[in-house]
Structure formats: structure tokens, C-alpha cells
1. Which of Lys182/Lys209; Lys180/Lys229; Lys137/Lys194; Lys137/Lys180 have a Cα-Cα distance over 21 Å?
2. Along the Cα→Cβ direction, 7 angstrom out, place labels at Ala251 and Arg58. What is the inter-label distance in nm?
3. Per residue, what volume in Å³ does the Cα convex hull of the chain take up?
4. Taking a quarter of the surface of the Cα convex hull of segment 161-299, what do you get in nm²?
5. Under the classification rounded if a/c is under 1.5, otherwise prolate if a/b is larger than b/c and oblate if not, where does segment 148-236 fall, given a ≥ b ≥ c as square roots of the Cα gyration tensor eigenvalues?
6. Compute the FRET efficiency between Trp186 and Ala152 as 1/(1 + (r/R0)^6), taking r as their Cβ-Cβ distance and R0 = 25 Å, and round to the nearest 0.05.
7. Using a Gaussian network model on the chain with a 10 Å cutoff between Cα atoms, which of Lys229, Lys73, Lys137 fluctuates the most?
8. Would you mind computing Rg(Cα) / (2.2 N^0.38 Å) for segment 78-132, counting N as its residues?
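Coordinate-derived values only; no laboratory data. Note that the structure is a prediction, hence the values are computed from the model and not measured. Virtual Cβ from ideal backbone geometry, glycine too; neighbours counted across all protein chains shown.
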Amino acid sequence: MVSRRRFLKSTGAAAALAASAPASRAQVLPARRTGRVFIGAAADYAADLVGTIDAGLRAFPDFRVAGRTVLLKPNLVETTDAGRPVNTHPAVVAAAAESLRRAGARRIIVGDGPGHRRDIELVLAQSGLGPVLREGKLEFVDLNHDAVVTVANLGRRTRLPRLHLPRTVLAADVVVSLAKMKTHHWAGVTLSMKNCFGLMPGVVYGWPKNVLHWEGIEETIVDIVCTVKPDFGIIDAVVGMEGDGPIMGSARPVGALLMGDQLASLDAAAAAVMGFDPQRVDYIAELAGRGFGPADPSAIEQRGERIERFRTPFVVLPHFEYLRA
């Protein structure tokens, strides 16, 4: 696999940026015929989320962050969390950062490029994430306005020959998708791989990333994931969103955190928790075929708790009823 660090060297314009970037990327794991996903119980956001994430990291001993720079990418869509669980909960962001610090991460950066709002200070303040960042002394990068590096599109699912990615994403040794479990009115479900949409800079792709929407949401997910190759995913399923997600839906408590180093398998397990057949979600099935872990739940090794304990059928819009298992 081509590393993000090598992307920084791929053009003359990027070489100067690379000079001050971290020198390595996290280990790239070989493709496996079986997947693996950790599920931990978290009844509410006052639970021991750090302990649960610690246990999840121990379940993946070859996923290492010691001495590395980690980019935590939450789902930070809207300015408010009132009434609807739109964003990755700030408590999950704080817990993930603390757990990664305990695992030896040299530097932790929280970053996102919200698709609906350009005023990042307002988003951070009203989502509740701003105070958590200050309390935890965590860096935040607005990926919508970060310096941009142009790289080859390794997915080639859309017509786009190149992708424009934030320098912070390419310079990170480890990229962790810190997603929210939600339905999605165009993609069916939004989990760790759809969450990668927020890696794309609004200054290039617009709000709400219109250029990518025109190319096709599922097709673009494939391109982004194949190009960035996120290293790990954590899904906030303590309280998810059902119905008209990812913004206008309703709260659906599940009481779990899901974690994994193969994002197609992680999303497949999450979709199964939601009562869907993940092999009917086109982008999950396609990325499974591209080496990001199997989408068949029977081929996924379940670590921690089992899918059956948390299975919670989610309401979905009528045109996605065919996803039901």
C-alpha cells in the first residue's frame, strides 16, 4: 500500500510541506479473509468510556500508536447537540484521546471539516466539543481550511483523477475515524467509512461537499477510503440516530462502542447491530472486496461483547427498507 507520507513527496509543491511533517505512518496491516471487531458496553456517556476503549485497544495488539501522531476524526456535523444525536459525543472524543495517550501516542490532533457550517468556532462551542478540547488540552484543526495537498485518487470509483486532502491528514501517522452510528437518507447508513467525508476540505469541495455529492456519495466514500486508508475506527453507538439521518432523525439508544482496524468489517458489524444486512450496503460490500475486511458478519471475529446483545433495529426511510436483514 502507498503510505500517506509518500503522498507528501508525490509533487514538488508538496515537498516543502513534507519537510515539517512527521516522518512515518502507522503500520499498514495485510488484508485478511476474516475480520475482527470489538464491541464494548457503555450504557450512557457517564460510563467508563476510557476503560472500554482501553479494552478495545488491547483487543488489537498489532495496532500501535506509541510515539506516533494520531488524527482523531469525529463526526462534527452541526452546531447543536440539543434533541438529536447528530455528532460524535464529546465524552467519546475525550475518552478516545485519553486512551490513546495511555497507549503512548506522541501527539493527538482532533480534526474535522464540518459539511454544513463554515464557522468552526460556533460549531465547537454549540456542539459541546470546544470545552472538552480545552479541558483535555487537545489540538483541533479545521480540515475545511487546512493547507491542501493534491494526490492520486487510488479508488478511481468516481471520475476524479486526483483528490485534494488536508496536509494534517496526510502528515498523520495514524488516522482514527471516530464516527456516530446513524442512518443516512442517501447512503443508508453512516458509520466509520462515511465519516471520512469530513476529511475533505470545504475550501475545495464546497459546503456540504457538493462536488463529492455530484460524483455520488457511495462512489466518493470508496475513493476517500482507498486513498487515505484510515487505520482504525471507533463508533459511538451509545446513542445513535435513526430515521431521517444524518441530521433530522431521532435518538436510538444502543449502549455500545464498536472498534476495529478493518473499517469495512467494523461498519458491517455496526450495520448488523442496526438490524441491516451489511452486504446490501453497496459501499460496505465494495470496500470489503477491496481489502478493508469482510462484510459478511459470519466472517467477522467478535471480540468483547457479541452483536446479538446490542441488536437494535433502526427505523430507516422507506427507500432503504431493502437493507433489513
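1. On the way: Lys182/Lys209 19 Å; Lys180/Lys229 19 Å; Lys137/Lys194 28 Å; Lys137/Lys180 23 Å.
Pairs exceeding the cut-off: Lys137/Lys194; Lys137/Lys180.
2. It is 3.1 nm.
3. Values: hull volume 36.5 nm³, N = 325.
For the chain, the hull spanned by Cα atoms encloses 112 Å³ per residue.
4. Numbers: hull surface 32.3 nm².
With every direction weighted equally, the projected area is 8.1 nm².
5. Numbers: a/c = 1.58, a/b = 1.10, b/c = 1.45.
Note, shape of segment 148-236 comes out oblate.
6. On the way: r = 26 Å, r/R0 = 1.05.
Efficiency for this residue pair is about 0.40.
7. In the Gaussian network model the winner is Lys137.
8. Working: Rg = 12.3 Å, N = 55, 2.2 N^0.38 = 10.1 Å.
Cα-based Rg divided by the globular estimate yields 1.22.
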